[in-house]
Structures are given as C-alpha cells and as structure tokens.
Amino acid sequence: MSNALVVVDVQNDFCPGGALAVPDGDAVVPLINRMMEGADAVILTQDWHPAGHSSFASSHPGQAPFGLVEMGYGGQVLWPDHCVQGTEGAAFHPDLRTDGDLIIRKGFRSAIDSYSAFFENDRTTPTGLEGYLRSRGITELTFAGLATDFCVAYSAMDPARLGFRASVALEACRAIDLEGSLSAALEEMRLAGVDLKAV
Ligand code: VGL
Ligand code: ZN
C-alpha cells in the first residue's frame, strides 16, 4: 500500500495579495512542507488558465466575479482573472517545496474549468492523474491546499469513486467559503466517503 500527498493549488493568486486570495491561504505552506516528508509520493496541482478563460467573469459581458452562469456542462461560478499561465500569480507560493514527483496542471482548456485534479468540470474529461497513480501502485491519497471548498473538495471526491482511499488534512487547507460553500463541501465530502482529518 502506497500513499501520495496531493498538494492542491498552493499558488500566489490563492494567497493573501493574490487575485483570488483565500483568507489565510499562505498559512498552509509550512505544514504542507512537513507533510511532504512522510509521503511515498508528492503530487502538486497547479491551476493553469489561458488568458480569457471561460471561468473568468471578465469573459462574460455584464457578469461580475462570484456570479453563477450555465455552461453546458452545468453551473459555473465566475471568478476574477487568476492563475493565468506563466504569470507570477500562477506560480507556486515561494516558500512551498516544489521538489515533488509530479506537477499536474488543470484548467488549461479555454471552454471548461477544472476544479478537480482528476476530471474537468464536465466530470468526464480526465487529467491523466488516475493513470499515473495506478501505474505507480498508489492506493491512498491525502489532500491539502487551496481551496477546501472548491479544488480540494472536488479533487478528494473523485478518487473516492474511483476506488482509492482519500482523506483531507483540514488543518492544511483553507476555504473561500462563498455563501456556505465550505459547510456544503464538507458534507458532500463526508457523503462521498472522504476521510476528513480534524483540525
Ligand atoms: C480554485 C476557483 C477557481 C481552487 C481554482 O483552487 O479552489 N477555485 N479556480
Ligand atoms: Zn481556476
């Protein structure tokens, strides 16, 4: 049995001062750096959008950030422009250890967002992470990072349905908490069989 730590989106734009800052987001960095030492494999994810991405409110005339639109694949929250490929905002937090085994980028298709490290928001387009984990014999996943109620939650619920064991280290996560999205995400994760490790 082999375990992987999956570090979700610990990028400048999700930290204080960033374009989509998660309150206290940078507080997870020292804890995650320590968690990396005990893992058999370390995988980092990076939100990686082209300019003009369809999840940006700026791409929808008349819409403001944090509004909701219908996208064909379902509801999509509109975000401020963030994690644009190659920008400082898309870079990992400068204090985060990035000497992990794999960096998986997501959200790079203009027409579709990807919260999960496994599938894009249509829930069917794969990122390739499942195959990577299976070919390395990894069966257990621990998630940490940003944001608890979006990319961490979506990333942790997919492996549960794919047959991996998944847990979330809540202490090493921070949330956006948009209109109750944190409590909703915690409940959904519980129902999906994700082991929530207490703060
Ligand atoms: C995220 C909103 C938009 C996240 C990414 O990392 O949780 N949230 N893109
Ligand atoms: Zn994004």
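The numbers here are math on the coordinates, done by the rules we state, and not lab data. Quick caveat: nothing in here was measured; it's all calculated off a predicted structure. So basically every Cβ, Gly included, is an ideal-geometry build from the backbone, and we count neighbours across all protein chains shown.
Below is a table of values for the structure above.
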read-out: Search result, residues across the stretch 50-101 that are farther than 25 Å from Ala27 by Cβ and of a type in the set (Phe, Trp, Tyr); value: Phe56, Tyr73
read-out: Counted residues, the stretch 70-86 - those being surrounded by 14 or more Cβ atoms within 10 Å (Cβ to Cβ) and either more than 21 Å from Val22 (Cα to Cα) or more than 19 Å from the chain's Cα centre (by Cα) (or both); value: 2
read-out: Single condition Asp47 does not satisfy, out of (1) charged (D, E, K, R); (2) within 16 Å of Pro80 (Cβ to Cβ); (3) out of contact with any Asp or Glu (no Cβ under 6 Å at 6 or more places or on another chain); value: (3)
read-out: Check on Ala111, within 16 Å of ligand 1 (Cβ to nearest atom), of a type outside the set (Val, Ile, Thr) and surrounded by 18 or more Cβ atoms within 10 Å (Cβ to Cβ); value: no
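Every residue, every condition in (1) in a strand (DSSP E or B); (2) over 20 Å from Val194 (Cα atoms); (3) touching a residue at least 40 places away in the same chain (Cβ under 8 Å); (4) of a type in the set (D, E, K, R), yes or no:
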site	(1), (2), (3), (4)
Glu130	no, no, no, yes
Leu133	no, no, yes, no
Thr139	yes, no, yes, no
Ala144	yes, no, yes, no
Asp149	no, no, no, yes
Ala160	no, no, no, no
